[in-house]
Amino acid sequence: MNLQIDNAMKRARGYWFVDGFIEIAMGILFIILAGFLLVSMNTSQMPLLPWFLSVTGEVVILKVASFLVVILILWWLKDNFTYPRTGFVRGKITLSQVFVIFKNLILFLLLPILGLLIASLLVTSTDSVLSSMPVWFPVGLGLTWAILIVLAGEWMGVHRFRLVGSAILLAGIGVGVWQLSMGLPNVPTNTPLTVLQSSTLESISRTLTSLDFILLICGVILIASGLVTFIRYRKENPTPYTEEA
Amino acid sequence: MSGSLQNLSGLDRVIHEPARLTLVALLSSVASADFLFLLKESGLTKGNLSVHLSRLEEAGYIKTEKTFRGKIPHTEYRLTPKGKSAFDQYRKSLGSIFNK
């Protein structure tokens, strides 16, 4: 009986993901970000560090702007497509949920730092951490995103997120292996971190390339998952619900 | 009568009915939901759903809100604090019965 109750509660929580629109929107956002980063990396004449600072600001503005646009589009789509077919649900934000969101956000920030600490324990020096950054960064990022997506999926009973999480993890490992196969930049030992050597810059630049690929692949994975979900939803609910139906 | 059987007889009968339990569980995870959502998710017929919703409303466990979405009248159902506490109590009782 308790399992039945849990399932009903999870179905209600995961209702926002029933039509695949959110995954498609998130996927498009990821691809826009990856495209922006790629274009910016290839066209900017600025040195890496000032470019990195300027691009970080631009990415934040782009994220906020596209997030607002996406919310408006999603709102319209839900109003005109989903709600007439399977009903309207108003989401619940309780204090405990806000706490969980904050906890997850902190985890999201802490996990990469934890990864960095573990990496620094496994490798001999800071220089090794820097030179191997193009490898461990995509793997760590893929792992973090995969864990978050799978956990969210379990909480909402959206089981396809297990597959999405696994695909993202594999993408992270794949990008890491690809970077490893190209060989690691040789960062000289005992270099003060304040002095950025060309090999360090190469390491940072390749890490950004890894990030770009991860964003692109994750975008494609999310869009694919969203499209499959949307097609299934459309098949199960071809027309809006009417009293006669 | 053993302790767990006493607990069983003390279960809230309004919530204990499977259809109403599903409705309360669905409503407990959202702020509110409309008739169509509850109809689709519960798998009940329209008549059955109306009866169960009325029963829950009579018990003070849910509240009906009539609004408009655009020009279309829209009815939303929301779990009241009394309904929420009854549901929590029911789950606790159920847990204690099966854990004994």
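The values are calculated or read from the model by the stated rules, or taken from the named source; none is laboratory data. Values in this document were obtained by computation on a predicted structure and should not be read as measured data. Don't worry about glycine lacking a Cβ; one is built from the backbone with ideal geometry, like all the others, and counts go over all protein chains shown.
Observations
- Residues in the range B:28-37 that are in a helix (DSSP H, G or I), within 15 Å of B:R78 (Cβ to Cβ), of a type outside the set (S, T, Y) and facing chain A (nearest Cβ under 7 Å): B:F37 only.
- The range A:14-32, subset in a helix (DSSP H, G or I) and crowded, with 20+ Cβ neighbours inside 10 Å, residue nearest to the other protein chains (Cβ to nearest Cβ): A:Y15
- Scanning the range A:162-193 for residues that are of a type in the set (G, A, S) and at pLDDT below 90 yields a single hit, A:G183.
- Residues (in a loop (DSSP other than H, G, I, E, B) and surrounded by 12 or more Cβ atoms within 10 Å (Cβ to Cβ)) located in the range B:40-66: B:L44, B:A59, B:G60, B:Y61
- Any hit, the range A:144-161, residues being farther than 19 Å from A:G20 by Cβ, in contact with a helix residue (DSSP H, G or I) (Cβ under 6 Å, 6 or more places away or on another chain), at pLDDT below 90 and away from every other protein chain (no Cβ under 14 Å): yes
- Which listed residue, of B:A19, B:A25, is more than 9 Å from chain A (Cβ to nearest Cβ) and assigned to a helix (DSSP H, G or I): B:A19
- Residues in the range B:72-89 that are within 12 Å of chain A (Cβ to nearest Cβ) and in contact with a helix residue (DSSP H, G or I) (Cβ under 8 Å, 6 or more places away or on another chain) were compared, and the one that is nearest to A:T242 (Cα to Cα) is B:T75.
- Residues that are under 13 Å from the mean Cα position of the chain (by Cα) and within 12 Å of chain A (Cβ to nearest Cβ) within the range B:42-55 comprise B:S42, B:L49, listed in sequence order.
- Given (1) closer than 29 Å to A:Y241 by Cα; (2) without any contact (Cβ under 8 Å) to a residue 40 or more places away in the chain; (3) surrounded by fewer than 16 Cβ atoms within 10 Å (Cβ to Cβ); (4) more than 8 Å from chain A (Cβ to nearest Cβ), number of the condition B:R69 does not satisfy: (4)
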